[in-house]
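I have placed the structure first, in the form of structure tokens, so that the comments after it can refer back to it.
The values are calculated or read from the model by the stated rules, or taken from the named source; none is laboratory data. All values derive from a computational prediction rather than experimental measurement. Neighbour counts are summed over all protein chains in view; Cβ atoms, including those assigned to glycine, are modelled from backbone coordinates with ideal geometry. Surface areas here come from the heavy atoms of the whole protein model, side chains and all, with no ligands, DNA or RNA. Shrake-Rupley method; radii C 1.70, N 1.55, O 1.52, S 1.80 Å.
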Amino acid sequence: MATPQITESTVTVQGQTLFYRRAEPAQAVPKLTVLLLHGIRFSSETWLQVGTLATLAENGYRAVAIDLPGLGRSKDAVAPAAVGQPAPAAFLKAVSEALCLGPAVVISPSLSGMYSLPFLLEHSQLFKGYVPVAPICTEKFTAEQYAQIKTPTLIVYGDQDVELGQTSLNNLRHLPEHQVLVLQGAGHPCYLDKPNEWHRGLLAFLQQLKLISPSRHGITRQSQWRGRQS
């Protein structure tokens, strides 16, 4: 298998400089674009070290991991909201536009929920799929708001994450098109504790997205869709 190309660069978003890493498949046109966010103690380097960037590219996906404002190599950028408060949806929309992502699958662990959830609720048309990994801020929105979102979702958490894992599951299960991936023996950063299981579950979810077809009325499920809801 050809080695994927992983590059580093910066992009200007709302007047501020953000660092990002991009992994491209070595051959062929990417199947989908995946945007990877991160938690408060992590950065895009986490996805490099755990192998997620390379795994996605090796399997035919374009993967783009950003360092959120104030963190990692974007530490000089100012966050658009205080930690724990939903950020304006316009921020990730501007990121998507600046990086020319188009509709993408968004992976959102922990802290990054303050960015991804407002973005999902206001701009779900820019999502091909959503992979929340025990994100914060799930309690800031109502079951009725979640119920309006038809984006295919893979809710991920570690069974040892007894706080955010369970809280996020209880709130996000109101998303109608969801599946649940529980990583056994894993804590809050479950993708670090169980990287093989994380990658296997993520790739299976991405493969299923091929069975989702757009329609005039939004996302519809074809008969082959076998998403297990919980």
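Of all the numbered requirements in (1) outside any loop (DSSP other than H, G, I, E, B); (2) closer than 21 Å to R200 by Cα; (3) among the polar types (S, T, N, Q); (4) open to solvent by 40 Å² or more (accessible area, probe 1.4 Å), T46 misses one, and that requirement is (4). Among the conditions (1) open to solvent by 10 Å² or more (accessible area, probe 1.4 Å); (2) within 16 Å of H178 (Cα to Cα); (3) in contact with a helix residue (DSSP H, G or I) (Cβ under 6 Å, 6 or more places away or on another chain), the only one that I136 does not satisfy is (2).
When segment 92-103 is filtered for residues that are surrounded by fewer than 21 Cβ atoms within 10 Å (Cβ to Cβ) and hydrophobic (A, V, I, L, M, F, W, C), the ones remaining, listed by number, are A94, A98, L99, C100, L101.
Inside segment 59-88, residues that are buried (at least 19 other Cβ atoms within 10 Å of the Cβ), part of a helix (DSSP H, G or I) and at negative phi make up a count of 1. Filtered by the rule that a residue be over 24 Å from G102 (Cα atoms) and out of contact with any strand residue (DSSP E or B) (no Cβ under 8 Å at 6 or more places or on another chain), segment 59-78 gives G70, L71, K75. Within segment 17-36, the set of residues being in a strand (DSSP E or B) and either open to solvent by less than 50 Å² (accessible area, probe 1.4 Å) or free of Cβ contacts under 8 Å to residues at least 12 places away in the same chain (or both) comprises L18, F19, Y20, R21, R22, A23, E24, T33, V34, L35, L36.
Do we find that L56 is open to solvent by less than 30 Å² (accessible area, probe 1.4 Å), of a type in the set (A, V, I, L, M, F, W, C), in contact with a strand residue (DSSP E or B) (Cβ under 8 Å, 6 or more places away or on another chain) and not in a helix (DSSP H, G or I) in this structure?
On the way: open to solvent by less than 30 Å² (accessible area, probe 1.4 Å): yes; of a type in the set (A, V, I, L, M, F, W, C): yes; in contact with a strand residue (DSSP E or B) (Cβ under 8 Å, 6 or more places away or on another chain): yes; not in a helix (DSSP H, G or I): no.
No.
Only one entry of K128, K93 meets the criterion of being among the basic types (K, R) and out of contact with any Phe, Trp or Tyr (no Cβ under 9 Å at 6 or more places or on another chain), and that entry is K128. Among residues belonging to segment 121-133 that are hydrophobic (A, V, I, L, M, F, W, C) and under 21 Å from L203 (Cα atoms), point out the one that is most open to solvent (accessible area, probe 1.4 Å). Looking at the filtered set, the residue picked out is L126.
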